Amino acid sequence: VVEMAERLVGEADAPVLGVGVGSPGLVSADGTVRQASNLGWEELALRERLETTLGLPGVVANDASAAALADMERGETNASILVVLGEGVGAGLVMGGELFGGEHSAAGELGHVVVEPNGAICSCGNRGCLETVASVPAILRALNAPTDLDPGPDLEDLRRRFGPDRVDVVLSSVGMRVADVLAPIVAMLDLARVRIAVEIQGAAEVVAASAEVVLRSRLLPAVSRVLRVEATGKVDDLVLAGAAGLVARRRLGVVP
Ligand SMILES: [Zn+2]
């Protein structure tokens, strides 16, 4: 990561304000990646390493949180959640127009909420976390598809290979499990918008549609009527925009 940042800074043809990174896992406010089980990172002082090597201010944030911030800036709500189904499952929570980190900067770590107490072993050591049923590898496993598809998986390709009905059943059940976890959060925090991103090109619409049905059925009608549940596009772009936006906020005090 540091080498790539070094190369990019070297190639920049304008003054560089700082370096923003979106990392999976738990990231503390000082830019230390406390635990990213999918990468095998623990207590990695990434921001400090970046700043020492590059001599530039750094910002390191959870990837889903960075994406949520960028997504919020493109929308018109101050209270929303973006759930990202990728290698793991993460979420970023925006409250009052700002990222909400919680006591330990761990807000949004929905992936390790247990939804199947007797389910599969998760990378964190528990059983049946949301991640074991709703991450992209879990979706591919449910289809008996190889988990190392290259280029990344794509909805139409999966439908061709495994049958549209089967693929849609798997994605719909993922949407239901995600909604199980989200319903109390939406009610508790009075969120106006739920956005769902899936790192399978085209799959977010199917997952969001099924999550929407479940969410609407679980919430007070007055809340349900005004809630928006939407699929969002390329999450990588949002993470980059969000990480860059955090640099601008910290350095310039402006919201881009
Ligand atoms: Zn877990």
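Per the conditions (1) out of contact with any Pro (no Cβ under 7 Å at 6 or more places or on another chain); (2) crowded, with 16+ Cβ neighbours inside 10 Å, the sole criterion not satisfied by Gly163 is (2). In region 111-127, the residues that are within 20 Å of Val84 (Cβ to Cβ) reach residues that are in a loop (DSSP other than H, G, I, E, B) and more than 9 Å from the ligand (Cβ to nearest atom) with C-beta atoms within less than 7 angstrom, at least six apart or across chains, in these pairs: Ser123/Asn38.
Out of all the residues in region 115-128, is one or more at pLDDT below 90 and near the ligand (Cβ under 10 Å from one of its atoms)? Looking through region 115-128, at least one residue is at pLDDT below 90 and near the ligand (Cβ under 10 Å from one of its atoms). The residues listed here are Glu98, Glu131, Glu109; of these, the one that is crowded, with 17+ Cβ neighbours inside 10 Å, under 23 Å from Leu227 (Cα atoms) and of a type in the set (Asp, Glu) is Glu109.
Among the residues of this structure, Arg177 counts as one that is within 16 Å of the ligand (Cβ to nearest atom) and part of a helix (DSSP H, G or I). Contact map, region 189-202: residues that are in a strand (DSSP E or B) paired with residues that are of a type in the set (D, E, K, R) and surrounded by 24 or more Cβ atoms within 10 Å (Cβ to Cβ), Cβ distance under 6 Å, separation 6+ or inter-chain. Pairs shown: Arg195/Asp71. Scanning region 137-155 for residues that are more than 15 Å from the ligand (Cβ to nearest atom), under 14 Å from Val198 (Cβ atoms) and either small (Gly, Ala, Ser) or touching a residue at least 24 places away in the same chain (Cβ under 8 Å) (or both) yields Ile139, Ala142, Leu143, Gly152, Pro153, Asp154, Leu155.
Suppose we filter Gly88, Gly58, Gly111 for residues that are touching an Asp or Glu at 6+ places or on another chain (Cβ under 6 Å), closer than 19 Å to Ala241 by Cα and not acidic (Asp, Glu); which single one remains?
Gly58
No other residue among Val2, Val33, Val16 is of a type in the set (Val, Ile, Thr) and crowded, with 17+ Cβ neighbours inside 10 Å apart from Val33. Contact map, region 1-23: first residue under 15 Å from Val247 (Cα atoms), second residue among the hydroxyl-bearing types (Ser, Thr, Tyr) and surrounded by 15 or more Cβ atoms within 10 Å (Cβ to Cβ), Cβ cut-off under 9 Å, separation 6 or more or different chains; pairs are Ala5/Thr53; Gly22/Ser65.
In the set (1) in contact with a Leu (Cβ under 9 Å, 6 or more places away or on another chain); (2) closer than 17 Å to Leu227 by Cα; (3) surrounded by fewer than 20 Cβ atoms within 10 Å (Cβ to Cβ), Asn78 fails one condition alone, (1).
The values are calculated or read from the model by the stated rules, or taken from the named source; none is laboratory data. For clarity, every value in this text was computed on a predicted model and none was experimentally measured. Don't worry about glycine lacking a Cβ; one is built from the backbone with ideal geometry, like all the others, and counts go over all protein chains shown.
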